1. How many residues are among the aliphatic types (A, V, I, L, M) and crowded, with 19+ Cβ neighbours inside 10 Å when one looks only at segment 57-97?
2. Count, please, the residues in segment 75-112 that happen to be among the polar types (S, T, N, Q) and closer than 14 Å to Ala53 by Cβ.
3. So is Ile38 in a loop (DSSP other than H, G, I, E, B), modelled with pLDDT under 95 and surrounded by 15 or more Cβ atoms within 10 Å (Cβ to Cβ) or not?
4. Just a yes or no: is a residue in segment 254-262 in a helix (DSSP H, G or I), of a type outside the set (A, V, I, L, M) and touching a residue at least 40 places away in the same chain (Cβ under 8 Å)?
5. Identify, from the list Lys202, Lys216, the residue that is under 30 Å from Phe263 (Cα atoms) and either of a type outside the set (Phe, Trp, Tyr) or surrounded by 16 or more Cβ atoms within 10 Å (Cβ to Cβ) (or both).
6. Against the definition (buried (at least 23 other Cβ atoms within 10 Å of the Cβ) and touching a residue at least 12 places away in the same chain (Cβ under 8 Å)), how does Ile141 come out, yes or no?
7. Could you check segment 180-199 and list, in sequence order, the residues that are touching a residue at least 40 places away in the same chain (Cβ under 8 Å) and either surrounded by 22 or more Cβ atoms within 10 Å (Cβ to Cβ) or of a type in the set (Phe, Trp, Tyr) (or both)?
8. Just give me the residues in segment 58-76 being assigned to a helix (DSSP H, G or I), touching a Ser or Thr at 6+ places or on another chain (Cβ under 8 Å) and over 28 Å from Glu145 (Cβ atoms), in sequence order.
Amino acid sequence: MLFLRNENQCSREVELRHIDLQLNIFGSGKLSMSKEKIIVGIAGSGAMGSGIAQIAATYGHAVVLYDNNEAALQKSKLDLSHRLSILIEKQKINREVADRVLERTTYSSSLMSFSKCGIIIEAIVEKIEIKQQLFREIEMIVAKECILASNTSSISITSIAGKCTNPSRLIGIHFFNPAPIMPLVEIIPGLVTDESITAFAKALIDSWGKVTVIAKDTPGFIVNRIARPFYSEAIKVYEEQIADFSTIDLAMKEIGGFRMGPFELMDFIGNDVNYAVTETVWQQMFYDPRYKPSLT
């Protein structure tokens, strides 16, 4: 799950910085470029939602960050200021850029704030029923042209879209944590996702300096499908008392060349999140023992 930026990637970000995308996909089925950027809505102000909001605002979009928890919104606001201050200290950006990012970001506890958004990216809890309910509510607020996207790590995009009035406009856009740093983004069209939606989503995320890959709507998509055995085998090595957590992490970093060991990475992701993803993949793969979650 670790993908690092290189000099070519940084250069690519500069080249793409001034690419403007205008939502004009229904009817003509084509993308158009415009000086006016679409408004980006983000549902969920946790680590992923806040990170995605930072990216969109950095690339010139007005951003509406929604959460029904006021305390979470305030924390997100403080965290964004803190992250930008660190970037200034490291001379990655200047104060003017940081101020523009802050100015473009609006925080709201009302879904009605999404009414003018051209795309909404959901980054809430990994529970399909909650995601479906959220999208049903959003559909009653936004324009019919608005794209709906889920940042789910493993839940079927087709299943999430199944409760929508217009499932053809829902797509998976899966960022990796921390979203502002990790370049890879999986674009996952559902079975009925309109092809123009897929094309637009890919072009939009590409314009944010990310590396996009199109993945089929299968359990875990690409990265999380491959990552399940990585975590589970590390846990089995520990359970069999072959080595302790720190030794396993050290071996994978020093010998395997990984930036983070499996346990270090699980701690970073959050064991609750990692368990939920593993359980979802296991269930959707018809309880294949290769993907069975560990209770260790």
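1. Number of matching residues: 6.
2. Restricting attention to segment 75-112, the residues satisfying the condition of being among the polar types (S, T, N, Q) are 76, 81, 85, 91, 94, 105-106, 108-110.
Filter once more, so that each one left must be closer than 14 Å to Ala53 by Cβ: 76, 81, 105-106, 108.
Counting residues in segment 75-112 that are among the polar types (S, T, N, Q) and closer than 14 Å to Ala53 by Cβ gives 5.
3. no
4. So far as segment 254-262 goes, no, none of its residues is in a helix (DSSP H, G or I), of a type outside the set (A, V, I, L, M) and touching a residue at least 40 places away in the same chain (Cβ under 8 Å).
5. When all the criteria are applied, what remains is Lys216.
6. No; evaluated as a whole, the condition is false for this residue.
7. Within segment 180-199, Ile197 is the sole residue that qualifies.
8. If the condition is that a residue be assigned to a helix (DSSP H, G or I), touching a Ser or Thr at 6+ places or on another chain (Cβ under 8 Å) and over 28 Å from Glu145 (Cβ atoms), then Glu70, Ala72, Lys75 are the ones that fit.
The values are calculated or read from the model by the stated rules, or taken from the named source; none is laboratory data. Keep in mind the model is a prediction, meaning the values are calculated, not measured. All Cβ positions, glycine included, derive from the backbone under ideal geometry; neighbour counts span all protein chains shown.
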